[in-house]
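Derivation of every value follows stated rules applied to the coordinates shown; laboratory data play no part. Computed from a predicted model, the values in this text were never measured in an experiment. Reconstructed Cβ throughout: ideal geometry from the backbone, glycine too, with neighbour counts over all protein chains shown.
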Amino acid sequence: MRSALAVLTVVAALVAFWYAACVPMNIRGTLVEVERAGAQVVPPGAAQRRGMGAWGLIARNGFAVPATWAQERPRLPAPHQVAVELWNTTAMKKITSKRSLVFHGWVTLSATLLGFVIGTGLGILLAVGIVHSRVMDMSVMPWAIVSQTIPIIALAPMIIVVMYSVGVQGIVPKAVISAYLSFFPVVVGMVKGLRSPDAMQLDLLRTYNASNAQGFWKLRLPASMPYLFASLKIGIAASLVGAIVGELPTGAVAGLGARLLAGSYYGQTVQIWSALFAAAILAAALVGLLGLIERVTLRRMGMA
Amino acid sequence: MTRTSPVIEAEGLDLTFQTNDGPVHALKDVSLTIGKGDFVSFIGPSGCGKTTFLRVMAALEQPTGGSVTVNGMTPDEARRSRAYGYVFQAAGLYPWRTIAGNIRLPLEIMGFSRKEQDRRVKDVLQLVDLEGFGGKYPWQLSGGMQQRASIARALSFDADILLMDEPFGALDEIVRDHLNEQLLALWKRTGKTIAFVTHSIPEAVYLSTHIVVMSPRPGRITDVIESPLPQDRPLDIRDTAGFLEVAHRVREGLRAGQSHDD
Amino acid sequence: MILLVAAFLLWAFGWWLNVRLASGPLADSRAVQLLVAAIFGITVLAVWELLVRGLQVPMVILPAPSLIAVRFASSTDVLWADFVQTFLKGALCGYAIGCGAAVLTAILVDRSEFLRLGLLPVGNFVAALPIVGTAPILVMWFGFDWQSKAAVVVVMVFFPMLVNTVAGLRETSQMQRDLMQTYAASYWQGFFKLRLPAAMPFIFNGLKICTTLALIGAIVAEFFGSPIVGMGFRISTSVGQLALDMVWAEIFMAALAGTLFYGAVALIERSVTFWHPSQQG
């Protein structure tokens, strides 16, 4: 209860800060607009104002402050402008429309999910192999760990273009990027999880003369679940970033990444911000969903 | 129970914790006087408030009723004038500091000069028999040695009062015997006033001039036994009739507290 | 055809060698562990080379490692300029500012239980968001040059660092705090002598996570606009020109920078948190 209040306070403070930041960020553009509309601005003329600080302009033109929250193409749109844009492009548009964020969100989401499923599946398989084969452990594991320190997302543009040149386009190239971005965290996390049972627990199974497979299903796999979910959450976030970045280099026309890029070409800041928030909401929903599954699963298994 | 001037005086002390299962009487109407140079042990089953009492003396808990003075001051004033050294159940040494660095910690906080710090560290290391280990890190030492270092840390700023909360509880019997012997020697040499929480009857009888028996729900004092044992106590005093008689009285006191509870 | 057979044989030989080494008597020594990983890496590279040549894969799909190496060696000046622009200016500046600001914020937050309760969930939430998406906005605000890349990096590293530092500053036991209280230590004495050293493992964990984030932020931000220098710029333009050998050379550069950056932070970590159980394995 107290923490909910604290979170709300912090969020409210952030929103207030955002509104406050809009004023100095947008004041110059706003003054040009209101002056054009016939208002008295001190000092008159954009050239006169060039040398002045934003705060000085605000102090002399207090009347223009509300207008900084209502510009059409502000440098920093106000929270309600983004909220209105989000509402207009989700609830008010048909979802098949090219201007619907639901449509763009789905394009990105489908690539994310496909890639995530492939990446996670392969990641778990490799982790099982690593835990059971000493050669694989020693050969592959160091490279999997090193991969965590490398910005492998830099491969994204190349994958899109190369796959395009061999005739593969649409969802698959983006899914490939999503897959390899989620692959490595899952491998590393899952290996850690499968190794998490301590020596005593393993010795206990040895006293039962349990086979490797029995050890895997009855001890290693259940013990790895908290680690698996932790890496799944990292993996899905990485997958989403992969899908968004995968939409950048080709001049794709659909997807949240395409919306970001188009917005930045045409200076449509409100569109950029709403695409950004759509991506954030999507990420939060995916991570939250995994968190929910985690809680239900772990409770069923008596681990939480 | 005073032969000498009182150092710690508690009068009608009450402490009630508010928990989710309702209020818990950790201490109820506890009165006790500890004289200068006394070695007082607090013994009783878990939940009898012996640790809580010690924490009240150290101003780590606030009593909800009654009064307590340490060196004639409130516990909080005593804490701020650094009147006591506190030894916890675990050594709690900082792993990123050497043994000497750990002993230096309170001295740094209390603003001793660098030269004085060095001198005191050297002195107390000798006092607890850890010369030559000052440069080691805690994780390079055994549990018993770590606990000795934590006692040295409490001794370093030379407070007259030592409050010890089951300091040897986590150690094995053999190490424990050894440390008991050393602690007794140290007490005799320094003449400090020691309040010592334990749940071991032999330990309490072996060390103390006074044994305070406590019982739970609500936490209270049921008996205070003055030890008739001589000042000089070799370890084999524990096999003498006098020792066993005191131990028997403590055990009876604990049992009485227990039956009262049922 | 011969090359394909050679690739297959080489793979089999490399694997056989590693099986022998991994089940050999010295398998637990550090040298053999490094050797096995190196053999695996070299085998992959050699098989890649042989397959590309054997199947005559066109350069625009996958260049052979030897071609990439030649390109790397012949364009060190370009690569160095890109490295300075993207890593030294963009990533490193942003990393220093972002991590520094996060640690200072964490120290402020730590004084207030209420702020901590409120900021930690928000920080965790933001840390999971696709922050690279702020790149077009920040490029718009700070211009095409490295300042906007540094700004993206600041935003990317701030919250993971904040969350780790706040968690670290809480990482003291009740007993350790009680001890400080028995000494009547002031807030800042307790902070510098107890809580800050105790938080170091967490702070370094955050610093290590952020090394990778910083490079990702700096490179991806360049996809949204940059001057004609920089690793992200080079990758996206070389992809456009189908000069894949250059792309791979640049990726190798990025990998090298990322690994060394991480390694450097890990090295400092080892000397600062030598006392922590995780460093004594």
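Annotations for the structure displayed:
- Across all Cα pairs in region C:160-215, the calculated P(r) in 10 Å bins from zero up to the longest distance comes to 25, 44, 22, 8, 1 percent per bin.
- Highest GNM mean-square fluctuation among A:Gly105, A:Gly53, A:Gly129, for chain A modelled with Cα contacts below 10 Å: A:Gly53.
- Reach of C:Lys89 by Cα under 20 Å, taken over lysines that are not fewer than 8 positions away in the same chain: C:Lys149, C:Lys208
- Partner lysines whose Cα lies under 27 Å from the Cα of B:Lys188, excluding those fewer than 8 positions away in the same chain, are identified as B:Lys36, B:Lys50, B:Lys122.
- Computed log10 I(q)/I(0) for region A:162-264 at 0.23, 0.24 Å⁻¹: -1.09, -1.13, from the Debye equation with unit scatterers placed on every C-alpha and solvent omitted.
- Scaling the Cα radius of gyration of the protein assembly as shown by the globular reference 2.2 N^0.38 Å produces a ratio of 1.20.
- Cα extents of region C:124-230 along the three principal axes, largest first (Å): 61, 22, 19
- Inter-chain shielding of A:260-267 (mean C-beta neighbours from other protein chains, 10 Å cut-off): 3
- log₁₀ of I(q)/I(0) at q = 0.11, 0.14, 0.23 Å⁻¹ - region B:189-262, Debye sum with one point per alpha carbon: -0.29, -0.46, -1.08
- Per-peptide packing, taken as the mean over residues of other Cβ atoms within 10 Å, places C:152-160, B:155-163 in the sequence C:152-160, B:155-163 from highest down.
- Farthest towards the positive end of the charge dipole of the protein assembly as shown, among the residues C:Tyr183, A:Leu219, A:Leu114, is the Cα of A:Leu114, using unit charges on the Cβ of Lys, Arg, Asp and Glu.
- For A:Phe229, net neighbour charge (Lys/Arg +1, Asp/Glu -1) across residues whose Cβ lies under 14 Å away: +4
- Check: chain C dipole with +1 on Lys, Arg Cβ and -1 on Asp, Glu Cβ, in debye: 440
- Chain B - Rg over Rh from alpha carbon coordinates, Kirkwood radius: 0.97
- For region A:2-76, convex hull of alpha carbons as volume per residue, Å³: 96
- The loop-placed chymotrypsin sites (Phe, Trp or Tyr not before Pro) in region C:200-274, going by DSSP, that have at most 13 neighbouring Cβ atoms within 10 Å of their Cβ come out as C:Phe274.
- Under DSSP loop assignment and at most 15 Cβ neighbours within 10 Å, longest trypsin sites (Lys or Arg not before Pro)-free interval of chain B: B:4-135
- Anisotropy class of chain A from Cα gyration tensor, a/c 1.5 cut: prolate
- Projected onto their three principal axes, the Cα atoms of region B:58-194 cover extents of 45, 38, 29 Å, largest first.
- Most mobile of A:Val34, A:Val161, A:Val176 in a GNM of chain A (Cα contacts under 10 Å): A:Val34
- If only the Cβ of Lys and Arg carry +1 and only the Cβ of Asp and Glu carry -1, the dipole of the protein assembly as shown around its Cα centre is close to 2140 debye.
- Bridges between two residues of the protein assembly as shown, per DSSP, are antiparallel at a rate of about 55%.
- Reduced Cα scattering model of region C:72-276, Debye log10 I(q)/I(0), q = 0.12, 0.17 Å⁻¹: -0.66, -1.08
- Counts of other chain beta carbons within 10 angstrom of each beta carbon in peptide A:199-212 average 0.
- Degrees, to the nearest 10: B:99-109 long Cα axis against longest axis of chain B: 80
- Angle of helix A:134-147 to the longest C-alpha principal axis of chain A, folded into 0 to 90 degrees and rounded to 10: 10°.
- Taking Cα centre as origin and charging only the Cβ of basic (Lys, Arg, +1) and acidic (Asp, Glu, -1) residues, the dipole magnitude of region C:93-217 rounds to 140 debye.
- Highest-fluctuation residue, C:Leu21, C:Leu92, C:Leu213 considered, GNM on chain C with Cα pairs under 10 Å: C:Leu21
- Applying a DSSP loop filter and a limit of 11 other Cβ atoms within 10 Å to the trypsin sites (Lys or Arg not before Pro) in region C:43-121 leaves C:Arg111.
- Compared with the dominant principal axis of the Cα atoms in chain B, helix B:114-127 is inclined by about 60°.
- Dimensions of region C:2-57 along the principal axes, based on C-alpha atoms and rounded to the nearest Å, stand at 41, 15, 8, largest first.
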